[in-house]
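Remarks on the structure that follows.
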Amino acid sequence: MANSLISCIVPVFNGERYLQESLDSILAQTYRPIEIIVIDDGSTDGTRAVVASYGDAIRYLWQPNAGPPRARNFGLSAAEGEFVAFLDADDLWLPDKLSLQIARFRERPDLDLCVTYCQVFWVPELAEEEARFQGHRLSRPLPGYVTQTLLARRALFAKVGGFDTSRSVGDPADWFLRAAEQGVVMELLPDVLVYRRFHKNNFSVESGTRRMTPHMQDAMLHVVKASLDRRRRDNAVDPMPLVFPHPQQAKKV
Amino acid sequence: MLSLQDCFRPREEEIASKVIDGEAILINLATGVYYSMDKVGALVWDLLQPGYNVEEVISAVTSRYDVTREQAEVDVRDLVEELLQENLVASTENGTTHTAEVTTEQQEKVPYEIPKLNIYRDMGDLLALDPPVPGLGDTPWKEPDESSK
């Protein structure tokens, strides 16, 4: 049986600094066939040139700046793979990320999506911050309900819908909640297959403290409220409980 | 036993909260446990946040809802105890920042329901990760057991 095509979607806004490393981590995947689609969300830096240096290996699509959810949806609309995965322009996949995940789909035909553990890392300039976080929960592998870890059947997006473009942040959490509400079959791989880069300009956190901004907190509160409202439809007093995979001991690959 | 003059403010370093469409939504960002309170519970939360004391909260409840003072006091006390137990609020200095009196004058009182704190533990990993946990404050972070070593 031929391997299924995986579309790898990379939304990017002014990401020239780390984009090349991210794209290289996709090209280094041990799994084939893949297609890589970069959605340039109206960047004003050298993002386009970085992508162009890869020639035909990467598809480049541009949209006027409209935020990550719209960029991800644009990528989905252009994707041709049976499966889709996402990577942010500052994060990294380990080489076996797609192989290990696709193996789970072969094993379990009922599986709709697979996420993995992820691990943050600090850029060298933030060594002091990294030292402060030694032993903190944040510096350890964590279950990754984020788009960077996600491998899903593309058809799943027809069922769950795309990312909510009315949300400037928190749209991935909203998407995972909508998926869980629909009883989507999920698996959480214990392997640490995604590395998230902490740098000075991470969207939605205050650098130095890594605290959520008030704007991000507000967005998450609205995401949770919307989920509760959906789960209490038909006048149910108690919202339908959600089922997420049970976390396991993380495995560093 | 808590005093009627006590104030209990949200533990903002870990708790995100907001009253949305009349329902208080609270998230413990360190654990991913989330909470909801509607009607009376949402009113109580709305008043605790700016620093009204328990007595003022009870007065607001009795002036808005069709309930006796005795019943309201028991229920507000129970709710505050539960908020404390869940580590959502902490006792603060009395008579803090608010200046305006609680104004809840209205002609007709609303039917009363005992306030309830709903607790949900079904999305812990998701809410505690995306985005990363806060809780470090602006001072350099230390190991919890560092002082005991």
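Things to note:
- For the range A:138-253, the fraction of C-alpha pairs farther apart than 25 angstrom is 32 percent.
- nm² value of the averaged projected area, convex hull over the Cα atoms of the range A:1-135: 9.8 nm²
- Whole-number percent relative contact order across chain A, with pairs defined as alpha carbons under 8 Å at least 6 apart: 20 percent
- Positive dipole terminus of the protein assembly as shown, leading residue within B:Gly41, B:Pro111, A:Trp175 (C-beta point charges): A:Trp175
- Assuming charge only on the beta carbon of Lys and Arg (+1) and of Asp and Glu (-1), the dipole of the range A:1-141 about its Cα centre is about 360 debye to the nearest 20.
- Its residues counted as N, the range A:88-182 yields a C-alpha radius of gyration over 2.2 N^0.38 Å of 1.27.
- Protection-proxy order for peptides A:127-139, A:143-155, each taking the mean of Cβ atoms within 10 Å per residue, highest first: A:143-155, A:127-139
- Cα-Cα separations in the range A:143-186 greater than 11 Å, expressed as whole percent: 68 percent
- Computed on the range A:141-188, with alpha-carbon pairs under 8 angstrom and 6+ residues apart, the relative contact order is 39 percent.
- Point-charge dipole on Cβ atoms (K/R +1, D/E -1) for the range B:1-56, about Cα centre, debye to 20: 80 debye
- Over the Cα atoms of the range A:1-63, the radius of gyration divided by the Kirkwood radius equals 1.00; this is the Rg/Rh ratio.
- Angstrom value of the Kirkwood radius, inverse mean 1/r, which spans all Cα pairs in the protein assembly as shown: 23.1 Å
- In chain A, the DSSP-assigned H stretches of four residues or longer account for a calculated mean residue ellipticity at 222 nm of -9500 deg cm²/dmol, using -39500 (n - 2.57) per stretch and the full residue count as denominator.
- The range A:71-199: relative contact order in percent, alpha carbon pairs under 8 Å with at least 6 residues between: 43 percent
- Cross-link pairs beyond the 18 Å C-alpha cut-off, checked among B:Lys39/B:Lys116; A:Lys97/A:Lys252; B:Lys18/B:Lys39; A:Lys225/B:Lys109; B:Lys39/B:Lys109: A:Lys225/B:Lys109
- For A:Trp62, the residues 5 or more places off, or on other chains, whose built amide H falls under 5 Å of its own are A:Asp40.
- Hydrodynamic estimate: the Kirkwood radius of the range A:23-94 over Cα pairs, inserted into Stokes-Einstein at 25 °C and 0.890 mPa s, corresponds to D of 190 µm²/s.
- Fraction of antiparallel bridges per DSSP, the range A:63-207 only, in percent to nearest 5: 45 percent
- Placing +1 on each Lys and Arg Cβ and -1 on each Asp and Glu Cβ, with no other charges, gives chain A a dipole about its Cα centre of roughly 560 debye.
- Think of chain A as a dipole: +1 on every Lys or Arg Cβ, -1 on every Asp or Glu Cβ, centred on the Cα centre; then among A:Ile26, A:Leu111, A:Ala2, A:Leu111 lies furthest on the positive end.
- The Kirkwood radius of the range B:46-86, taken over pairs of alpha-carbon atoms, gives through the Stokes-Einstein law at 25 °C and 0.890 mPa s a diffusion coefficient of 236 µm² s⁻¹.
- Only one residue of A:Gln217, A:Thr165, A:Asn14 has its Cα farthest out toward the positive end of the dipole of chain A, where Lys and Arg carry +1 and Asp and Glu -1 on Cβ, and that residue is A:Gln217.
FYI, it's all coordinate maths here, none of it is from the lab. Bear in mind that the values here come from a model prediction, so they are computed numbers and not experimental data. Virtual Cβ from ideal backbone geometry, glycine too; neighbours counted across all protein chains shown.
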